[in-house]
Amino acid sequence: MKKTETAAYYVLSPDEGTEAAPIFFDSPHSGKEYPEDFKYQVPFSELHSAEDAYVDELYSAAPDFGAELIAAKFPRSYIDTNRDELDFDLAELSGQWDGKAPNPTIKTQMGKGLVWMRMKQDIDIYDQPITTDMLKHRIETFWRPYHDRIAVAYDALTEKFGYAYHIDCHSMPNAGVEGDPGGTAERADFVLGDRDGTTCEAGFTAAAKEFLESKGYSVAVNDPYKGAELVYRYGKPDQNRHSLQIEINRKLYMDQISGDKIPEFNDLKANLTEMVQHLVNYAKVAGK
C-alpha cells in the first residue's frame, strides 16, 4: 500500500495493480498529533480518552482490497470533523466573527461541538476563551482539508464506477455517561448508523450487520448512534452515494483506563479485515 499525508490527514491507498473498489473508509477521530497551539488545561489523559484510539490501525488492511483509508492526524477535541463547521457558540469565543452565522446544536450545548469546550463532568478544556482567529485557523487548516479529501474520494469513485460506498469508522466506550445518546446503558459490540436508512441503501447496512453477527458480535442499528456529520453530509443514496457509520465497542480491543491494547486486539483486527473484504465484494457487485 502507498501512504500520502498532509498536515491534516494521511491516506493509505492501494498499490498499483490492485483492482480498485467502489468503496473507501475514513477514521476521523483516531488522530493523536496535538498541535502546539492547543493550549488545554485539563490533564492529557482526559483528552486522550476522547480519541478513537487505534481505529485507523484496525482498518489499515483496506488498501489490500482496493479501498482507500483516510485518517485524521489531529485529535477530535481540537476540532471535530464529525460536526458541521457552524456548530459553535460565539458566546464561548473572544473576538469578532465575520463568517456565516453559527448554528449551535445540542452538541455545542454539551461542550462537544465543532471545537470541544468541556470534557465529561463539565471539566473545562480551556482556562480562557479561544479566539475567533484560532477557530478560523482550525477550520481552514484541519477541518476543511479533511472534508475536501472525503469529497475527492466520493467524486473519484462516482466518476469511475457511477456510485460509491463509504464506511465512517469510530469507536465508543462500553457504556455511556449522563447526557450521552442512550444514557448510561451498556452498548452493543458494534453500533451501525445510517440515520434511519437515509444515508445508505438498506442492503449495505444489512451486509455489515449480518457479517458481524456471524462472528458472534452483538450489533445494534441506529441505537444509540445514528451517524453524525460525515454520513449526513455525504451519504446521498439518491445520488448513488452510500455512507455508513460503524462504532466499535472499545472493550473489544483496549483497556479503557490505561488506553493500552489488550490481547484480543489482533483477533478483532483479523475479523475487521474479513469484514472489509466482505463489504468491498458487496460494493463491487452492488452496482452491476
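The values are calculated or read from the model by the stated rules, or taken from the named source; none is laboratory data. Small disclaimer: the values here were computed from a predicted structure and weren't measured. Cβ placement follows ideal geometry from the backbone for every residue including glycine, while neighbour counts extend to all protein chains displayed.
The residues on offer are ALA62, ALA67, ALA72, and the sole one that is closer than 30 Å to ASP124 by Cα, modelled with pLDDT of 95 or more and small (Gly, Ala, Ser) is ALA72. Please find, among VAL55, VAL115, the residue that is hydrophobic (A, V, I, L, M, F, W, C), within 19 Å of the chain's Cα centre (by Cα) and more than 30 Å from ALA283 (Cβ to Cβ). Testing whether each residue is hydrophobic (A, V, I, L, M, F, W, C), within 19 Å of the chain's Cα centre (by Cα) and more than 30 Å from ALA283 (Cβ to Cβ) leaves just VAL115. Residue-level check: of (1) farther than 19 Å from TYR59 by Cα; (2) in a helix (DSSP H, G or I); (3) of a type in the set (A, V, I, L, M), ILE257 misses just (2).
Screening ALA220 on (1) over 30 Å from ALA156 (Cα atoms); (2) in a strand (DSSP E or B); (3) out of contact with any Phe, Trp or Tyr (no Cβ under 8 Å at 6 or more places or on another chain) shows it passes everything except condition (3). For the residues GLU19, GLU57, the requirement of being surrounded by fewer than 20 Cβ atoms within 10 Å (Cβ to Cβ) and out of contact with any Gly (no Cβ under 6 Å at 6 or more places or on another chain) singles out GLU57. Report, by residue number, each residue of the range 84-94 that is touching a residue at least 24 places away in the same chain (Cβ under 8 Å) and small (Gly, Ala, Ser). Across the range 84-94, the qualifying residue is only SER94.
Each row is one residue, and each column tells you yes or no for (1) among the hydrophobic types (A, V, I, L, M, F, W, C); (2) closer than 25 Å to ASP155 by Cα; (3) touching a residue at least 60 places away in the same chain (Cβ under 8 Å); (4) crowded, with 18+ Cβ neighbours inside 10 Å.
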| residue | (1), (2), (3), (4) |
| --- | --- |
| ASP26 | no, yes, yes, yes |
| ALA53 | yes, no, yes, yes |
| ILE70 | yes, yes, yes, yes |
| SER77 | no, no, no, yes |
| ASN82 | no, yes, yes, yes |
| GLN96 | no, no, no, no |
| PRO102 | no, no, no, yes |
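So the check is Cβ under 8 Å with 6+ separation or different chains; which pairs have a first residue in the range 118-130 that's hydroxyl-bearing (Ser, Thr, Tyr) and a second one that's crowded, with 16+ Cβ neighbours inside 10 Å? Listed by first residue and then by second, the contacts come to TYR126/TYR40; TYR126/MET117. Residues in the range 104-154 that are in contact with a Pro (Cβ under 8 Å, 6 or more places away or on another chain) and aliphatic (A, V, I, L, M): none. Return a yes/no flag: does the range 177-189 have any residue that is in contact with a Ser or Thr (Cβ under 9 Å, 6 or more places away or on another chain) and modelled with pLDDT of 95 or more. Scanning the range 177-189 turns up at least one residue that is in contact with a Ser or Thr (Cβ under 9 Å, 6 or more places away or on another chain) and modelled with pLDDT of 95 or more. Taking the listed residues ASN174, ASN249, the one that is modelled with pLDDT under 95 and within 18 Å of the chain's Cα centre (by Cα) is ASN174, with no other qualifying. Among the residues of the range 237-278, those identified as closer than 18 Å to GLU201 by Cα and surrounded by fewer than 16 Cβ atoms within 10 Å (Cβ to Cβ) are ASP238, GLN239. Could you check, for the range 184-200, whether at least one of its residues is assigned to a helix (DSSP H, G or I) and touching a residue at least 12 places away in the same chain (Cβ under 8 Å)? Among the residues of the range 184-200, not one is assigned to a helix (DSSP H, G or I) and touching a residue at least 12 places away in the same chain (Cβ under 8 Å), which makes the answer no.
The set of residues from the range 200-216 being under 10 Å from MET275 (Cβ atoms) and not basic (Lys, Arg) comprises ALA207, ALA208, PHE211, LEU212, SER214.
For the range 223-236, the candidate set comprises residues that are outside any loop (DSSP other than H, G, I, E, B) and touching a strand residue (DSSP E or B) at 6+ places or on another chain (Cβ under 9 Å); within that set, the residue that is nearest to ALA72 (Cα to Cα) is LEU230. Against the test of being charged (D, E, K, R), out of contact with any Phe, Trp or Tyr (no Cβ under 6 Å at 6 or more places or on another chain) and modelled with pLDDT under 95, the options GLU57, GLU46 yield a single qualifying residue, GLU46.
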